[in-house]
Amino acid sequence: MNLDEARKRIDNIDAQLVKLFEDRMNAVLEVARYKKENGLVVFDAAREEAVLARVQSSVSPALADYAVSFWQSLMELSKSLERRTMATGAPGIQKIRELAACAKKPIAHPRVAVQGVAGAYAHQAATQLYPDGDISFVERWADVFYALRDGNCDYGVLPVENSNAGSVSEVYDLMQKFRFYIVKAYPLPVKHCLLGVRGASLHDIRKVCTIPIAFMQCSDFFKKHHRITQLPVTNTAVAAQYIARLGDKTCAALCSRECAQLYGLDILAENIQQTSTNCTRFISISCHLEIPDNANKISLLFTLPHVTGSLHRTLAHFAHHGLNLTKIESRPNPDKNFEYVFYLDLTGKLTMPSTAELLGTLQDELLVFHFLGNYYEPKPEA
């Protein structure tokens, strides 16, 4: 058999498969209607296992794994169709719609809490997000959450991810604990400078004060200047403040250029981050949900059962609804050993019917599911 003959045979088989696919999905619709009328759930683990076992034993061993993968994909499509058929009036969808209807308006001239001191990158992000805001400073990231919980601020601005050094795990853990809403986001370009006391030179420096994630973003620079060791502090601007008070020519701070003027320091080296596109995503959190008209990003938190394929099945929902995932982050679940909490970002808007349908489905299917917000995030600067 030559190539053309083989392809013709495949085309003939595909024509049969298309008809069988349509017949199968019509049967799935009947199943969906029955489940809806009788209050049954879409996912039936025992049924799926039985089908896959039958498929695996019905083909040659060389094709068994391929057949199982094919049927798994087919069953995911079938469940997606079932969910859409059963969606009308589903409790999860109704809950999501009610939540969206209760969204609040942004607060004018808000009180905004950030971690650190003046000149911190969080301070810069907060001024971009809330140019009319009254900004106050706290010592730790956790203190931002406490300030919000206790009513001492209207919003809190925090870093969640750096383009070079990755996620800020502690903030994700705090999001899991407090479960506030994300109402805004801002990708702040981060350009690190090495600042020393007046009269110091780069040759003098033996120690640098900064946060570990900032040090990581400049690792090539510090490999080249390997004599300089790191002194961890809680915030980059706190480092600048400390160096100014210390007055030691052998110590420097790794922070923003703005800190030089704020704390009377000299710039010994600038733009020493790994890449020119270094960027940190900051979020604004609130006790109340806000959904702006230009919302383009959704954040979720959920847990999954500790069974094979649970993550694949959940992520398949997004593919079937044509939604683009922009981030997935897993953190240990403190309530269960060796199980995880997932944070997921996707592009979309809650007012779109397909998006509300998807989130409602997840609300009904997952043991723990929290909608963290639908907000606007501009694209990072080129």
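Quick look at the numbers
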| item | result |
| --- | --- |
| The stretch 203-353 - percent of accessible surface contributed by carbon and sulfur, probe 1.4 Å | 54 percent |
| Heavy atoms of Arg281 accessible to a 1.4 Å probe, total area in Å² rounded to 10 | 30 Å² |
| Euclidean distance between Cα centres, the stretch 100-118 to the stretch 164-220, Å | 23 Å |
| Burial order of peptide ranges 197-207, 137-147 (average beta-carbon count within 10 Å, highest first) | 137-147, 197-207 |
| Dipole of the chain [Lys/Arg +1, Asp/Glu -1 at C-beta], most positive-end residue of Ala126, Ile211, Ile328 | Ile211 |
| Residue-normalised accessible area of the chain, given per residue in Å² at a 1.4 Å probe | 52 Å² |
| Candidate residues Met352, Met86, Met175: accessible-area rank, largest first, probe 1.4 Å | Met352, Met86, Met175 |
| Part-to-part distance (alpha-carbon centres) for the stretch 313-340 and the stretch 8-56, which is given in Å | 25 Å |
| Accessible-area value, Glu49, 1.4 Å probe, nucleic acids and ligands omitted, Å² | 130 Å² |
| Nearby lysines by direct alpha-carbon distance to Lys177 (threshold 21 angstrom, same-chain neighbours under 8 apart not counted) | Lys327, Lys336 |
| Neighbour cut-off at most 16 other Cβ (10 Å), DSSP loop, chymotrypsin sites (Phe, Trp or Tyr not before Pro), the stretch 20-73 | Phe43 |
| Of the chymotrypsin sites (Phe, Trp or Tyr not before Pro) in the stretch 310-382, those whose Cβ has at most 13 other Cβ within 10 Å and which sit in DSSP loop | Phe338 |
| Residues whose placed amide H lies under 5 Å from that of Glu161, excluding near-sequence neighbours | Val168, Arg281 |
| Of all accessible heavy-atom area on the stretch 41-190, the percent that carbon and sulfur account for (1.4 Å) | 54 percent |
| Mean Cβ neighbour count within 10 Å, used as a protection proxy, ranking 358-365, 8-15, 270-277 highest first | 358-365, 270-277, 8-15 |
| Per-peptide average of other Cβ atoms within 10 Å, ordering 117-127, 215-225 highest first | 117-127, 215-225 |
| Summed side-chain charge close to Ser256 - residues other than Ser256 whose Cβ falls under 15 Å, Lys, Arg +1, Asp, Glu -1 | -1 |
| Thr85 accessible area, 1.4 Å probe, all protein chains in place, Å² to nearest 10 | 40 Å² |
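The values are calculated or read from the model by the stated rules, or taken from the named source; none is laboratory data. Computed from a predicted structure; not experimentally measured. No Cβ is skipped: glycine too gets one built from the backbone with ideal geometry, and neighbour counts run over all protein chains shown. Just the protein is used for accessible areas: all its heavy atoms, side chains included, with ligands, DNA and RNA removed. Shrake-Rupley method; radii C 1.70, N 1.55, O 1.52, S 1.80 Å.
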